[in-house]
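Have a look at the structure below before the remarks.
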């Protein structure tokens, strides 16, 4: 399953899949905890496939604050880098909408600083942090659309593990695609 739109010769994609298996992507984003330690969900999957050296490297960069992003090598993953970002906990970290937007912006900033041309995001904060998927998808996609003309990144991919999450993101992208000038 894949949906894509093009803006200023740059691609935004929505795919259903596993973020640890994005072979053509230079950097994947880890929806991390503040200590950058292996967790559940996306973080657990990334740490498991990257290997124990990821945590050994990452713990030197911890702790990170809400919306902060840091970069590490990807170790045993097929990518070059992992950008670790701490999204807001819904109902706890306020204002969560601005913090979530800042999380995506900081990931893009780290990617730009490292001359990364392709990046894959999970749906940040929508797992155990409880952010409603529809609200989070609108913030994520709007933020990328706002930033894409100002950056050198050529491909931004959102990788959604469940079909339900994919459908939510796909609906938001389809709506944005209809609103873009042809």
Determine, yes or no, whether residue 104 is surrounded by 13 or more Cβ atoms within 10 Å (Cβ to Cβ) and in contact (Cβ under 8 Å) with a residue 40 or more places away in the chain.
-> yes
Within region 156-164, can one find any residue that is over 16 Å from the mean Cα position of the chain (by Cα) and under 28 Å from residue 78 (Cβ atoms)?
-> yes
Residue 140 is checked against (1) in contact (Cβ under 8 Å) with a residue 24 or more places away in the chain; (2) surrounded by fewer than 17 Cβ atoms within 10 Å (Cβ to Cβ); (3) not in a loop (DSSP other than H, G, I, E, B) and fails just one. What number does that condition carry?
-> (2)
Answer yes if at least one residue in region 110-130 is at pLDDT below 95 and in contact with a helix residue (DSSP H, G or I) (Cβ under 8 Å, 6 or more places away or on another chain), and no otherwise.
-> yes
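Report the residue count in region 23-54 for those that are farther than 23 Å from residue 126 by Cβ and either part of a loop (DSSP other than H, G, I, E, B) or touching a residue at least 12 places away in the same chain (Cβ under 8 Å) (or both).
The initial filter retains those residues of region 23-54 that are farther than 23 Å from residue 126 by Cβ, namely 23-24, 26, 51-53.
Remaining after also requiring either part of a loop (DSSP other than H, G, I, E, B) or touching a residue at least 12 places away in the same chain (Cβ under 8 Å) (or both): 23-24, 26, 51, 53.
So the count comes out to 5.
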Applying the selection to region 145-157, what residues are touching a helix residue (DSSP H, G or I) at 6+ places or on another chain (Cβ under 7 Å), outside any loop (DSSP other than H, G, I, E, B) and closer than 19 Å to residue 22 by Cα?
-> 156
Given the structure, is residue 99 within 20 Å of residue 33 (Cβ to Cβ) and out of contact with any helix residue (DSSP H, G or I) (no Cβ under 9 Å at 6 or more places or on another chain)?
-> yes
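The values are calculated or read from the model by the stated rules, or taken from the named source; none is laboratory data. Keep in mind it's a predicted model, so treat the numbers as computed, not measured. In this analysis, Cβ positions are derived from the backbone assuming ideal geometry, glycine residues included, and neighbour counts consider all displayed protein chains.
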